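To keep things clear, I will list the structure first and then write my remarks on it.
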Amino acid sequence: MAADFSREGMTKLLGKYGIRVAEEGIARSPKEAAAFARKFGYPVVLKIVSDEIIHKSDAGCVKTNIVNEHDLLSAYAVIMRNAGKARVQGMLVQKMARKGLELIVGGKKDPQFGPLILFGIGGIFVEVFRDVSLRVCPITKADALEMMDEIKGAPLLKGVRGTVPVDREKLAQLLVSVSKMLYENQGICELDLNPVIAYADGYLTVDVRVIRCATEVAQLSPKAI
Amino acid sequence: MYDLKPIFEPKSVAIIGAAREPGKIGNVIVRNFVDSGFTGEIYPVNPNATEVDGLKCYKSVLAIPKKVDSAVIAIPARLVPQALEECGRKGVRGVVVISGGFAEVGNYELEAQLATIAKKYGMAVVGPNCLGVVNPSAKVDSIFLPTYKMGRPKVGGVAFIMQSGAVGSTILDLIAREGFGISKFVSYGNAAVVDETDLLEYLAKDKQTRIIILYIEGVKRGKEFFKATKKLAKIKPIVAIKAGTTEVGASAAKSHTGSLAGNYAAYHALFRQNRVIEARTLDEVFDFAKIFETQPHCTGKRVAIITNGGGMGVLTTDAVIENGMELAEFTEETRAKVKETMPLTVNARNPLDLTGDADASRYEAALNLAYGDPTVDAIIVITLFQTVSLDSRVVDVVVKAAGKGEKPLITIALGGEYTEMQRRALESSGVPSYASPSAAAKSLAKLIEYSRFTAKAKKR
């Protein structure tokens, strides 16, 4: 059975493991986009859905902090214009996340050891700072807490200079859940949940990127291991 | 699961490819078995000889009239399958295949034949393309390097599992020089049958082995290796060094995680997760091995530094703090005793600087205070042998103090030939001696970290 790793399929899979993703929907028209925005409540973010546009922000195909319907319709038009001749599948409407600490939770299938899970400081500079910790799946809650303590940015999680500490318990649970998902879905080759925005009372996964294994070789089912 | 006992502790051994000409590999192996004082039977095998080094030589392993526990094979690759098959028919339980010319040069099929034959007879096979094993207590030595070119270590508690023969033999030579002992040594080459996970399982149960050193370029069975290290690191410290940590060529990763989680990153994660102590250099392998072999576990991190030079005390303090440990405070009683018994030039604080005119008796008094002080968990003794009053007598004092075994004691001695001589004397008496404060502090930190882990694992 080929797993459904489309954006919607992935959101559903994450939901199955209790992983919270920002409310979102894919609109095919400005009208549909406005309907989603009304349902989620403003402010929202618009982001193009297209295989042909890799760096969406750079292409001017992402608009954030849209506060009302008027702004939404004009942003929709601008994004479509910027997309030019690229093939477009639709427009992602996402409830704008509150400001918080941007983290990354990732996964990678290692040829020797199977799925690995990654945790670290997220956002757009993740590969600059490379402040991450890694474990072989499946992990326990104790492993998850250790992963959080291990990064250089660990004090950020505990709150520095007036910022509130993030919810470590819920983040640990998130890591354990992602580890379980990676372990049970061995067709996932690479996974980025980036950013995962952490708050004092929980977290929100804002963006998901998944790369399917090129050859889904006959995997041992996790139960057989 | 193969029984590795016949490989490490055979009562009789056949050397297939035994040669008469000195300098040939097949001759060096026979010679090493004879010279090391192996007490079991040695059966040279060579169809073209009747005698090798005074021992009766057999046409094949099947021609040997008595039982054969193990065999060492050192013949051209293409002839190995037949010899191995004969070993199986003879009932040999363990074989070391020294010969190269298999998977490492693309001969995968030839190597697969070895695995098939081993499986058929349930026979443990180490190699091919390896140095084989050394077990000094059983006088087993299959290494084809002559003893006059490469030293052999004495009996001790460190076991070495080496994927590379070149690194393995260099390390053996260095250990022999450094004067600390080994329990078992194995260079396992291509791991066609027996791999690092099998060897870990065996050595974790081996009573002589107190610490396992693992040199790997890549493991054969990742998932089994993960499970084995998770289980075994609780039983014995495992120090691992992974070669090939740099990524060659651009990564094909499409995600951030993909590019951050390369091959070495996976090993590093596994080591951390399972409490395998990772060494990043060969120097660290030695640094860590000697403290784990000789010193007691220690969960406290308050260190006393005793020195005869102020500056070296400061450098060591920095290294101790940088490695996550603390300086012991000393009790009132200790401080009062220092004032009472030591010259006025000695300040009653940590690092305890005994000053440049300190002799062995002052060190002895300081060591007694440090051992008796409940605020001290571990002791670092700096001995600068360049001073007039320090000589081999301080070595005796330190060795005697360390012999109590209650708290870890390590030493730092930097210097030229005279110092080097004293440092060796300390090491061969079981007191780890380091040539730099950072190496000493890092090694002590690893010991404490591991001690805390096992203490916690026991409580669970």
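Cα centroids of region B:46-73 and region B:83-158: how far apart, whole angstrom? Centre-to-centre (Cα) distance: 17 Å.
In order along region B:363-375, the Karplus-derived 3J(HN,Hα) couplings, from 6.51 cos²θ - 1.76 cosθ + 1.60 at θ = phi - 60°, round to 4, 4, 4, 5, 5, 4, 5, 5, 5, x, 7, x, 7 Hz, and Gly and Pro are given as x.
Between residue B:18 and B:45, the built amide H atoms are under 5 Å apart, and every one of these is 5 or more places off in sequence or on another chain. From most to least packed by mean Cβ count within 10 Å, the peptides A:184-197, B:212-225, A:75-88 give A:184-197, B:212-225, A:75-88. Take every pair of alpha-carbon atoms less than 8 Å apart whose residues are at least six positions apart; their mean separation over the length of chain B yields a relative contact order of 11 percent.
Local charge sum around residue A:164 (other residues, Cβ-Cβ under 13 Å, Lys/Arg +1, Asp/Glu -1)? Don't skip to the end; give the middle numbers.
Details: positive: A:98, A:99, A:158, A:161, A:168; negative: A:167, A:201.
In short, +3.
In the calculated pair distance distribution of region A:101-224, what percentage of Cα-Cα distances lie above 24 Å?
Numbers: 1840 of 7626 pairs.
Across region A:101-224, Cα pairs with separations above 24 Å total 24 percent.
Placing +1 on the Cβ of every Lys and Arg and -1 on the Cβ of every Asp and Glu, with no other charges, gives region B:5-292 a dipole of roughly 880 debye about its Cα centre.
In sequence order, region B:113-130 has phi-based couplings of 4, 4, 4, 5, 5, 4, 5, 4, 9, x, 9, 6, 10, 9, x, x, 6, 8 Hz under the Karplus curve 6.51 cos²θ - 1.76 cosθ + 1.60, θ = phi - 60°, and Gly or Pro positions carry x. Rounded to the nearest 20 debye, the dipole magnitude of chain A is 440 debye, with +1 charges on Lys and Arg beta carbons, -1 on Asp and Glu beta carbons, and the Cα centre as origin. Taking amide H as placed 1.01 Å from N in the peptide plane, residue B:255 has no amide H partner under 5 Å among residues 5 or more places away or on another chain. Overall size of chain A from C-alpha positions, given as principal axis extents largest first: 51, 49, 31 Å.
Distance between the 7 Å Cα→Cβ label points at residue B:224 and residue B:348: 6.2 nm.
Taking chymotrypsin sites (Phe, Trp or Tyr not before Pro) across region B:317-388, none is in a DSSP loop with at most 13 further Cβ atoms lying within 10 angstrom of its Cβ. Averaged over the residues of peptide B:258-271, the number of Cβ atoms from other protein chains lying within 10 Å of each residue's Cβ is 6.
Here's the picture: charge each Lys and Arg Cβ at +1 and each Asp and Glu Cβ at -1 in region A:23-95, and of A:34, A:48, A:62 the one pushed furthest to the positive end of that dipole is A:34. Here the extension length gained between residue A:201 and residue A:169 equals 10.6 nm, from 0.36 nm per residue of separation less the Cα-Cα distance.
Under unit Cβ charges (Lys, Arg +1; Asp, Glu -1), what dipole magnitude, rounded to 20 debye, does region B:302-414 have relative to its Cα centre?
Working: 10 positive and 16 negative charges, 34 e Å.
Charge dipole, region B:302-414, about its Cα centre: 160 debye, nearest 20.
Relative to the longest principal axis of the Cα atoms of chain B, the long axis of helix B:392-402 lies at roughly 80 degrees.
Spatially, region B:383-460 and region B:165-207 are offset by 25 Å when compared through their Cα centroids. In this simple spin-label approximation, residue B:41 and residue A:52 carry label points 7 Å from Cα along the Cα→Cβ vector, and these lie 8.0 nm apart.
Most tightly packed first, judged by the mean number of other beta-carbon atoms within 10 Å of their residues, the peptides B:7-16, B:185-194 read B:185-194, B:7-16. Neighbouring Cβ atoms from other chains, within 10 Å of the Cβ of residues in A:99-110, number 3 on average. Karplus-derived 3J(HN,Hα) values for region B:3-18, using 6.51 cos²θ - 1.76 cosθ + 1.60 with θ = phi - 60°, are 7, 8, 4, x, 6, 8, 10, x, 8, 8, 9, 9, 10, 8, x, 4 Hz; glycine and proline are entered as x.
Distances between placed amide hydrogens fall under 5 Å for residue B:331 paired with B:375, all partners being 5 or more residues away or on another chain. If you take all other residues with their beta carbon under 12 Å from the beta carbon of residue A:25, and give Lys and Arg +1 and Asp and Glu -1, the sum is +2.
Derived value for the protein assembly as shown: Kirkwood hydrodynamic radius 29.2 Å. Basis is the mean of 1/r over every pair of different alpha-carbon atoms. For region A:76-148 versus region A:161-214, the inter-centroid distance based on Cα atoms is 7 Å.
Computed across chain B, the Kirkwood radius stands at 24.1 Å (inverse of mean 1/r, all Cα pairs).
The DSSP beta bridges internal to region B:71-193 are antiparallel in roughly 30% of cases.
Counting partner chain Cβ atoms within 10 Å of every residue's Cβ in A:128-139, what's the average?
Working: counts 0, 0, 4, 1, 5, 5, 12, 6, 11, 0, 0, 1.
Whole-number average of other-chain Cβ neighbours for A:128-139 is 4.
Model label points for residue B:404 and residue A:212, set 7 angstrom from Cα along the Cα-to-Cβ axis, are 6.8 nm apart.
You can think of it this way: the chain between residue A:42 and residue A:161 has 39.8 nm of extra reach, that is 0.36 nm per residue less the Cα-Cα gap.
Values in this text are rule-based calculations from the coordinates and carry no lab data. Bear in mind that the values here come from a model prediction, so they are computed numbers and not experimental data. Virtual Cβ from ideal backbone geometry, glycine too; neighbours counted across all protein chains shown.
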